[in-house]
Structure formats: structure tokens, C-alpha cells
Amino acid sequence: MHRRNSRRTALILSAAALAAAPLLTACGSDAHPGAAAVVGGDRITVAQLEGRVNEVREAQRAAIPDDAQYSQAIAKSGGLTRSTLHTMVLDKVLHRAATDAGVSVTRRDIQTMRAAMEQQEGGRKALEQSWLQQYGVAPSRLDDSLRTEIEAQKLAKKLNADMQSPEGQAVFWKALTAASKKLDIDLNPRYGAWDVEKNKRADAKTPWVREVTDAGASPEEQPA
């Protein structure tokens with residue numbers, strides 16, 4: 001039960017980002033040198049972003065010792081840098097929306113969900129590999145990701161939003177849009193801009209969908 005609910009949330013978050021058109025509603029600025037994004041006055045530095053990307057790459061390398069298979073995995077996730085930034089920003093937006101709604105997540109919540117999912121996946125390693133492959137989440141970040149999933153589920157419940165219906169999803173994303181506006185998100189232009197209404201990172205030239213489906217590594221994977 002926990003597995004199905006958490007995956008449904010993750011898929012909704014992913015699908016919403018992929019389905020949204022790359023329409024810019026705000027422009028990034030270079031007012032924050034060294035920052036990949038500024039969210040609610042808090043900086044997500046380029047170093048932090050690159051560190052998160054490296055965690056995923058290292059986990060992929062450890063899981064895929066074969067060079068050819070590893071190269072294929074890299075090619076399939078050529079947009080990892082920008083998709084990771086999107087996730088980092090969206091997590092902060094979701095947390096603000098949850099806080100505004102009086103929603104909180106305890107360590108016990110995370111442990112309970114993780115235990116149930118590990119049982120259904122076939123153990124800790126199997127669960128970690130599943131989230132690494134499907135969502136680009138490094139094993140060291142799995143608990144953080146589960147916290148976000150639980151937060152999203154609790155927020156939806158608090159809003160009486162049925163995430164299996166378009167109406168319920170609209171209610172959920174309306175809450176995130178309100179939080180996004182409050183946070184005054186500013187992305188470094190090299191990573192695009194944040195679309196407040198759609199709660200997604202967007203490019204001026206290349207749709208986000210192409211970044212995560214392109215068979216080859218994109219320029220964004222080059223070091224800063």
C-alpha cells in the first residue's frame with residue numbers, strides 16, 4: 001500500500017513537469033554569482049547542485065560496473081543536471097506549501113514507509129536501485145526523497161485533493177503555485193528560468209522533455 005501511494009505521487013510530480021510547455025513567466029538574473037538558484041532567499045549553489053549530480057553518477061557507476069552499460073545509463077540521463085535542479089527547487093516549493101498547510105513529516109513516518117517499501121521491493125538494496133534507476137535518486141538521498149513523497153501525500157490529504165482526478169491535481173498544484181510565488185524563485189540563466197504557474201524549470205530554447213529523453217548527453221552535463 002505504501003509503495004503504490006508513494007510511486008503515484010512521484011509519477012504525478014514527474015508527469016506534471018514533463019507535460020508542461022516551456023513557457024517562461026519569469027527571467028533568471030545573474031544577481032547571485034555562484035548560485036544555481038535562490039529560493040526564498042536561500043541559495044542552491046552550483047557546487048551543491050554538482051555534488052548532487054555526482055552522487056547519482058557515482059551510484060550509477062557502482063551499480064553498473066560494465067563500461068558499455070554505464071555509458072548507456074549516462075546517455076539515458078543526459079539532462080541530469082537540470083532535472084536535479086528542478087527537483088531541488090520543487091522540493092523546497094512543496095515543503096513551503098506543506099508548512100503553510102500545517103503539514104509535517106516525522107522520522108517515524110519515513111521509517112514506516114521505507115520498511116514497507118523495502119519489504120515489497122525485496123530488501124534495502126533493491127529499493128535503492130529502483131529509485132536510482134527510476135527517479136535518479138542516489139541511495140544516500142533516499143530518505144530525503146521519501147520525506148518529500150510523504151509530505152506530498154499528506155498535503156494532498158490536507159487539501160482533500162484526490163490525486164487520481166484532474167480536479168484534485170489542480171487543487172494540489174494551486175497550493176504549490178501559491179508557495180512558489182511566495183518564495184520568489186530566481187534561477188541562474190544557464191539553467192533556464194522557473195515557471196511559477198507550472199512549478200517547473202523551463203528553457204528558453206530547448207523543451208525540458210527533450211532534455212530527459214535525448215539519447216545523447218546534453219551540453220549541460222559539462223562542468224561549470
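Each reported figure results from applying straightforward, stated rules to the coordinates on display, with no laboratory input. Keep in mind that this is a model prediction, so the values were computed, not measured. Note that each Cβ is placed from the backbone with ideal geometry, even for glycine, and that neighbours are counted across all protein chains shown.
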**Message:** Please compute the modelled spin-label separation between ASP42 and ALA115, points set 7 Å along Cα→Cβ, answer in nm with one decimal.
**Reply:** 2.9 nm
**Fill in**
For 194-201, 47-54, 158-165, 177-184, ranked highest to lowest by mean beta-carbon neighbours within 10 Å, the order is 194-201, 177-184, 47-54, 158-165
**Prompt:** So, counting K/R as plus one and D/E as minus one, what does the shell of residues with Cβ under 10 Å around ARG124 add up to?
**Reply:** -1
**Normalised contact order of region 43-195, rounded percent, pairs of Cα under 8 Å and 6 or more residues apart** = 25 percent
**Message:** Give me, ordered by chain and number, the residues 5 or more places off ALA35 or on other chains with an amide H under 5 Å from its own placed amide H.
**Reply:** VAL46
**Message:** If packing is taken as the average number of other Cβ atoms within 10 Å across a peptide's residues, how do 103-109, 138-144 rank, most packed first?
**Reply:** 138-144, 103-109
**Message:** Compute, for region 129-206, the length of the dipole vector about the Cα centre, with Cβ point charges of +1 (Lys, Arg) and -1 (Asp, Glu) only. Units Debye, rounded to 20.
**Reply:** 100 debye
**Item:** From phi via Karplus (6.51, -1.76, 1.60), per-residue ³J(HN,Hα) for region 90-95 in Hz, x at Gly/Pro
**Value:** 4, 4, 5, 5, 4, 4
**Request:** Could you quote the convex hull projected area for region 69-156, Cα atoms only and averaged over all directions, in nm²?
**Result:** 6.3 nm²
**Message:** I'd like the Karplus ³J(HN,Hα) series for region 98-115: coefficients 6.51, -1.76, 1.60, θ = phi - 60°, whole numbers in Hz, and an x wherever there's a Gly or Pro.
**Reply:** 5, 4, 4, 8, x, 9, 9, 10, 9, 4, 5, 4, 5, 4, 5, 5, 5, 4
**Fill in**
The exposure ranking of VAL46, VAL89, fewest beta-carbon neighbours within 10 Å first, is VAL46, VAL89
